[in-house]
Every structure is written in C-alpha cells, then in structure tokens.
Amino acid sequence: MAAVCGGLLGAASAQGIFTCTDSRGKKITSDRPIPECLDREQKELNASGTVKRSMGPVLTAQEASEQELRDKKAAEERTRINDERRRNRAMLLRYKDQAAHDAERASALTQVDAVIQTANKRMEELAQQRKALDSELEFYKNDPSKAPAHLRRRVNEFEENLVAQQRFIANQQLEKKRVNDRFDEELARLKPLWAGTVK
C-alpha cells in the first residue's frame, strides 16, 4: 500500500487537476493525486475542467488479489464465448441445414456398418472353422486331453480369434452409438443456430 501511495503521490501532473470527495464529504482539489482519497474514486481534470481520467481506489493486497481473480475469470469467460461463437460459425459453414447434417450422419454410419459387415463375414468363417474342429474333436469327445497337441493348439487359437472378433464387433457397435450421440449433440446445437435464435 505504501509503495502504491508513494507512486500515486509522486505522479504529479502540471497539466491536470485532481478532485475528489473525502470520507467526511469534503470536496478536495489538488495538482497531484490526493492522499485522503486513495480509498475512493478521484478524477483528473483538464485545464478546461473536463474529466481527463478517473482513478479508482487503491486496493489492498487482498482486494487486488480478488480483483485479479475476477478479471481472470471474466477473461476466461470471454474466451469461452468467443470460442463458442467460432465453433458455431464453423458448424453453420459445414451444415447449411438439417438435410446436410443428416446426410453426413448417414455417411458416417454407413462406414461403420461396412466394417461390421466385414467382421460378421469373418464370424461366419470362424463358424465354419468351429465345425471342422468339432468334427476332428469327435474322435476325442470322451477324453479331450488325448487330442493331438496341434489340434488342441488350433482349438486355442480359434477361441482366441473368436473372442477377439466378438470384442471387435462390440466395439464397432459402440462406435455407432458414439457417432449417433455426436450427431445428436451437434443437431441440438445447430437447430437454434439455423433458427437464428443464437448468435
């Protein structure tokens, strides 16, 4: 506080007049910042008597810290709003109407469906492999432990492939849900933009 006060008091201006009303309601005028008004607003006037600038009260360290935090939050909010507006403009450029948005959703889902279809064909191939293995294992159904090592190895590989393929298909189904969720979220944001209710 002492440093701030000293800085203000040392900032005398030969061209300006400082004026304020102190805590007792007394109007004070000076050719430099007024010590009695460091806790309140004071104005610097031009020679013509018009206001050159207003000076806020000198803040304590805690007040300055609180003000800095408020300013930081306000700046972050302004940045968030500006980013949101940029995203909105980009979305409007990409999707001029719901038909364009629906078309892109359909295209994205078609790509996932194509992957799932290929995976299902692989499942059909595995089903045929399972039949062939079961046919060979028929000779050892009473005691599977007597099956040759190479056959047991093929069974284990088959089981691993089957589990991996099932997991892959499940993940693709989740991907379809993620795609739909993303487009649903976009659509909820786009509708008011298309209607012009959001800038």
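The values are calculated or read from the model by the stated rules, or taken from the named source; none is laboratory data. Everything numeric in this text was worked out from a predicted model, so none of it was measured. Glycine gets a Cβ as well: all are built from the backbone with ideal geometry, and neighbour counts include every protein chain shown.
Among the residues of region 52-91, write down those that are more than 27 Å from PRO33 (Cβ to Cβ) and touching a residue at least 60 places away in the same chain (Cβ under 8 Å). Within region 52-91, ARG85, ASN88, MET91 qualify. Within region 61-76, the presence of a residue that is polar (S, T, N, Q) and in contact with a helix residue (DSSP H, G or I) (Cβ under 8 Å, 6 or more places away or on another chain) is excluded. Checking each residue in region 99-138 for being closer than 18 Å to LEU193 by Cβ and either surrounded by 13 or more Cβ atoms within 10 Å (Cβ to Cβ) or acidic (Asp, Glu) (or both) picks out HIS101, ASP102, GLU104, ARG105. Note on region 51-84: residues that are under 20 Å from ASP22 (Cα atoms) and of a type in the set (Val, Ile, Thr) total 3. Only one of the numbered conditions (1) modelled with pLDDT of 95 or more; (2) touching a strand residue (DSSP E or B) at 6+ places or on another chain (Cβ under 9 Å) is not met by LYS43, and that is (1). Comparison of GLU185, GLU175 shows that the only residue that is within 22 Å of ARG105 (Cβ to Cβ) and either surrounded by 12 or more Cβ atoms within 10 Å (Cβ to Cβ) or in contact with a Leu (Cβ under 9 Å, 6 or more places away or on another chain) (or both) is GLU175. Annotation for region 36-48: at least one member residue is exposed (fewer than 11 other Cβ atoms within 10 Å of the Cβ) and in a loop (DSSP other than H, G, I, E, B).
Exactly one residue out of LYS141, LYS146, LYS191 is out of contact with any Ser or Thr (no Cβ under 7 Å at 6 or more places or on another chain), surrounded by 11 or more Cβ atoms within 10 Å (Cβ to Cβ) and among the basic types (Lys, Arg), and it is LYS191. Scan region 142-153 for residues that are hydrophobic (A, V, I, L, M, F, W, C) and either at pLDDT 95 or above or assigned to a loop (DSSP other than H, G, I, E, B) (or both) and report the count. So the count comes out to 1. Might you let me know whether region 127-141 holds any residue that is closer than 30 Å to LEU92 by Cβ and either part of a helix (DSSP H, G or I) or out of contact with any Cys (no Cβ under 7 Å at 6 or more places or on another chain) (or both)? No - not one qualifying residue is present in region 127-141.
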